[in-house]
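K.L.:
Questions regarding the structure given below will be posed in turn.
The values are calculated or read from the model by the stated rules, or taken from the named source; none is laboratory data. Values in this document were obtained by computation on a predicted structure and should not be read as measured data. Here the Cβ positions follow ideal geometry from the backbone for every residue, glycine too, while neighbour counts run over all protein chains shown. Surface areas here come from the heavy atoms of the whole protein model, side chains and all, with no ligands, DNA or RNA. Shrake-Rupley method; radii C 1.70, N 1.55, O 1.52, S 1.80 Å.
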Amino acid sequence: MANVAECLGKLVAARAISQAVGDEAMNMFQRSQEQYSKQMGPASSDAAAALQAAKELRERAADKQLAIAHGVKAWRATERRVIEDPRGGMLQINAMNSKDTLLGVPALNELRRKDPHHPIFTGGNVDEIAKQTRNHLYNIFRANGELDKFKAGGPFADGKDLIREVKGVDTGNKAARAVALGWKDMVEQGERLAHQVGRQFETNEHWDTPQGWTSRRAAKFSEDEFLKDTHGWLDSGGLKLIDKETPPSAANLFAPARPGFYATPARTDDILKKARADIAYEGGADSPFSKEMRTFEFQQGEAGAKAWIEMQAKYGTGNEIMSMLDQHIDHMAKEIALHKIWGPNPRAAFEAAIRLAKEKNPIQAPAATRFFHSESAARYTFDALAGNRGSSVGNVGNEFWGRFGAGVRAVLGAATLRNLPVSIIPSDSAMVFVAAHHDGMAPMDIFKHIFWGDMTRQEAAHLQIAAHSYTDFVQNKYRRYEDELNVSGMARAVPNFVVRATGANKWTENIRLGSQLSYFHQLADMADRPFDKLDPAIRDNLLGQYGFTAEDWDKIRNVAPHVAPNGAHYVNLPELNNVDRDLNERLQRMVSERSSYIAHQPDARTRAIAMGGAQPGTIGGEARMAAVQYKQFGLERMSTHLMRVLYEGSGSDRVKRGLAFTLASLGAGVVSLQTAEILAGKNPHNMDDPKFWVRAFVKGGAGGVYSDMLADLIMGDQYGGRSGPAFGFFGGAAGGLAGDIAKSAWSPFRHEIFDQEGNRTSQGPGNEIFSSLRRWSPNTWYTKLAVDRLLWDQLQTLLDPHYRESFRRAEQYASRRGGGGYWWAPGEATPPALQ
């Protein structure tokens, strides 16, 4: 060791390497020497460790050179995108974070003609690259479907065997072994991709086994208990403690007994105390649990697996092992995407781009779009993607209240979304025609793929355009930690079941996958046509907006297609990836972004704008999240179809597109409204009423699940006596509940007041309470009417002395101003037609 230290010291003294590089090399040597000494003598272990340290140092130097090269390339692309965008630099910065919904504006035509491969068209964005990367990594992790056995309800749902296999323990569980191999391959691939885009790893940093710590849990147990537990894991050999705060210095670099890379006994308790404080009170970016200051190193073997499982069970993720691994993949994908777009130091590059936009290209976006392309929108989106305040697990003010708020929103949402399929299926179907016509695609082919179901999912998995989500891995419906009930988990389990029971999840999955698969199918069927013979809408509106040229198209169509079992042809994405990875990624990004015009798919920007930097677990954050619940649908429609109507193409194109959007929205709204009336036991609306058509447009166009409340705000509460529409619209589902509670509290006083027509201004406290319970009880669109008539109405007749008056007023509401009355009236045990 002395010879190695002396050699490094001479290199530092001669300024051949920096002191930091010398320190790093010494750390590498000492870590390797400790491992090799277990199998060989001192001299041999020193030699092997020196060779390993030299190898790692050489790899680190190569990584740094790669990072510098990628940083130069990324910043050059950033400069071109920000300075040369004729729409303004700030608009382009937003387009680098999330999808650019103004690619078709005339202002870009000249640039597209001169330089179709300009990074404005081909460079991509963090959000979409992260989605693609996640799909790619997840498909490796799936291990040919073996991962399904680890889902909630599966035979190995707790994930402990998987962790043991990852740590090299033979559990005899073949599924766990297959998935563990998939995990290791995925981590290796993820780290390789990260290195390629300039992501610099600390010497002791790796992505193989994530560590998720929970502030509330660490604070729950005393410091003495934390130290006692950790010492037990250290003594077992399953855990080593890294001392990052005592690096080697020039003074002790030559000393054979200098402090090691791992903590000495004298330093152990101090490091552990700081570690606990950092967990319990979220010490910040210099926390030992950030990528810069990783403290705990879990070893391979049974002892390491046991230490990880027990430590996480008490102080970290609890029983949510599979959920944490899933989130870890998401984190990896975002890290890779951030570095690919912004370079080795994403935050610094982003801030520099903001300054560059203000100085070199301060053009403002059109007034109607400025909301989506402002500096605030860019910052909120970047923070969400980078995992800053309010945007990632762990960044919560108070974990308990954060989970409690999420549970309340989920329960109320299940009640609000009982008719979700009635709203989204007609609306999404209408947008299929609008979006497909714009891109030159065939709507009926899209519908065919939507309703293929299993075939669609099978082909999407083969083409690697689909990945699972966090909701597939909710393991802890009853207990997250063994010593406490998971109340919020149980609360979320009910609405999750209800929303799935409505069929909304099935429709959403099918339309998102089906629309993407249809695009790849139709493009494959056009492979016999050269670029100049393609339909102008496909060539100009679809391919042209993403910088695809005749040369690019030839590469795509010359790849032999993938042939499905039913004989259908699709662009063979895995094979195209072997030919030209950048082209393949651009094609997938194009199809993914265009499919978001068809299905409700809020992107990172609309989510970030809606959240506005809100932090879960705080009063302000929870209020904000309650207020914006489900409003992202409207934001997404505004940022996509309405932007096309306002700004894309010539004046005549905009008029035609606007008329198409209006008519499609009206048609969808009519179907949705009339279906909802019938499902509520009412006769269809009178369509001669002009206000009905206003409601229909709002319902089918931009209102979504809030359309009824929005129409009530515009025209007054005309159709159904809804309580507090302003509370519900501006405060979300929680605001609607608050409005009902307030109305019920004042009901005894209002019941004694009469309006000009001689009617009581309140239907009585009993009716108000029953109405609220009925409104906020989770249900489905196909069971709600029967439950209302056979349960709630019958209970009301027993407990509400004014039930006859309330039923009469409900019928009056249904009949006035365009309503058609009831086909199954309140209070009736069976419909009159069946009596």
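K.L.:
If you go through the range 681-689 one residue at a time, do you hit one that is open to solvent by 30 Å² or more (accessible area, probe 1.4 Å) and assigned to a helix (DSSP H, G or I)?
P.N.:
no
K.L.:
Working only within the range 100-117, note down all residues that are open to solvent by less than 10 Å² (accessible area, probe 1.4 Å) and of a type in the set (K, R).
P.N.:
Of everything in the range 100-117, nothing turns out to be open to solvent by less than 10 Å² (accessible area, probe 1.4 Å) and of a type in the set (K, R).
K.L.:
Give the residues of the range 798-813 that are open to solvent by 40 Å² or more (accessible area, probe 1.4 Å) and either in contact with a Ser or Thr (Cβ under 6 Å, 6 or more places away or on another chain) or in a helix (DSSP H, G or I) (or both), sorted by residue number.
P.N.:
Passing the criteria: L798, L799, Y803, R804, E805, R808, E811, Q812, Y813.
K.L.:
From the set of residues in the range 158-189 that are among the acidic types (D, E) and not in a helix (DSSP H, G or I), which is surrounded by the most Cβ atoms within 10 Å (Cβ to Cβ)?
P.N.:
Residue satisfying both the conditions and the ranking: D158.
K.L.:
Here's another thing I want to ask about it. Given the criterion open to solvent by 30 Å² or more (accessible area, probe 1.4 Å) and modelled with pLDDT under 90, identify the matching residue among S650, S639.
P.N.:
S650
For every residue, the table says whether it meets (1) part of a helix (DSSP H, G or I); (2) under 19 Å from Q196 (Cβ atoms).
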position: V82; (1), (2): yes, no
position: L91; (1), (2): yes, no
position: N94; (1), (2): yes, no
position: G104; (1), (2): no, no
position: R112; (1), (2): yes, no
position: H117; (1), (2): no, no
position: I129; (1), (2): yes, yes
position: R134; (1), (2): yes, yes
position: I140; (1), (2): yes, yes
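K.L.:
Among the helices (runs of 4 or more DSSP H) contained in the range 517-628, which hold 3 or more residues that are open to solvent by 40 Å² or more (accessible area, probe 1.4 Å)?
P.N.:
Details: elements: 550-558, 573-579, 581-595, 604-611, 619-627.
It comes to 550-558, 573-579, 581-595, 619-627.
K.L.:
Within the range 493-525, take every residue that is among the aliphatic types (A, V, I, L, M) and at pLDDT 95 or above and give me the one that is farthest from G413 (Cα to Cα).
P.N.:
My answer is A524.
K.L.:
Does the range 192-205 hold any residues that are surrounded by fewer than 19 Cβ atoms within 10 Å (Cβ to Cβ) and either more than 18 Å from W308 (Cα to Cα) or without any contact (Cβ under 8 Å) to a residue 60 or more places away in the chain (or both), and which are they?
P.N.:
The answer is R192, Q196, Q200, F201, E202, T203.
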